Amino acid sequence: MKTKIAVILSIVTVVIGIFLIWYFTPKKYSETLDGVYYQLGTEGIIEHIKVHIDGKLENHINGNKTFHGLIDIKGDKIPNIPKDRAELELHYDGHNFTTIFSPFRKLNGALKGRIRPDIYQYGWMYTNDKFTDFTIKLTMNGSLTLSDGYMITFPANDREEAMKKSQKLIKEFEQQ
């Protein structure tokens, strides 16, 4: 009888151990989502866009998720980062808010191919706990005015859906 209990406990321990290793191992996260780019204080949207997020998503023992990776926003009318900048990075720490930034400037001339630390902030991103809905307040190294600032929300098909998601995500963050 004792050996049956020991075998069952061993099997349960191995299964739990395998699950925990799987759960806490960072997983590749690569998603391309449709969204909208719009301006607050005006009607309609400026354009439909595609947002590609690529990096590693990791679960933690406290239930939070972290993400480290790149974000690429494609559209004709959205503001582009300057050509001498590195790609936009996203470092999400599980608190429904992060900044989107380019950490380096690419040097030209005699130092071509080298980089220099120089942070360029593109915007503030709000997301839900599941890391499935996103909204970005664009700052582009400037200030954001809440009455007429520019926003990117994804996934979203129209301005109404985007505004509802934005308000919900920002409210969730402010209530933490």
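The values are calculated or read from the model by the stated rules, or taken from the named source; none is laboratory data. Owing to the predicted nature of the structure, the values given are computational and were not obtained by experimental measurement. FYI the Cβ positions are ideal-geometry reconstructions off the backbone, even for glycines, and counts take in every protein chain you see. Each accessible area value is taken on the protein alone, full model and side chains, heavy atoms only, with ligands, DNA and RNA left out. Shrake-Rupley method; radii C 1.70, N 1.55, O 1.52, S 1.80 Å.
Tell me whether region 32-78 comes out rounded, prolate or oblate; compute the Cα gyration tensor, take square roots of the eigenvalues as a ≥ b ≥ c, and use a/c under 1.5 as the rounded threshold. Prolate shape, in that a/c is at least 1.5 and a/b is the bigger ratio. Rounded to whole numbers, the Karplus 3J(HN,Hα) couplings from phi for region 25-40 are 6, x, 10, 5, 10, 9, 9, 10, 10, 8, x, 10, 10, 8, 10, 5 Hz, using 6.51 cos²θ - 1.76 cosθ + 1.60 with θ = phi - 60°, and x at Gly and Pro.
Given +1 at the Cβ of Lys and Arg, -1 at the Cβ of Asp and Glu and no other charges, the dipole of the chain around its Cα centre is 780 debye to the nearest 20.
Between H91 and T99, the built amide H atoms are under 5 Å apart, and every one of these is 5 or more places off in sequence or on another chain. Angle of helix 2-24 to the longest C-alpha principal axis of the chain, folded into 0 to 90 degrees and rounded to 10: 10°.
Accessible area per residue was computed with a 1.4 Å probe on protein heavy atoms; L138 scores about 10 Å².
Nonpolar atom fraction for region 1-72, defined as the carbon and sulfur part of the 1.4 Å probe accessible area, stands at 69 percent.
Of the cross-linked pairs K27/K74; K74/K168; K27/K77; K65/K137, those separated by over 28 Å at the C-alpha level are K27/K77.
Can you show me the helix-derived [θ] at 222 nm for the chain, built from DSSP H runs with n ≥ 4 at -39,500 (n - 2.57) apiece and divided by the number of residues, rounded to the nearest 500. Intermediate results must be reported in sequence, preceding the final value.
Working: 2 runs with 39 residues, N = 176.
So the helix-based figure for the chain works out to -7500 deg cm²/dmol.
Relative to the dominant Cα principal axis of the chain, helix 159-174 is inclined by about 60°.
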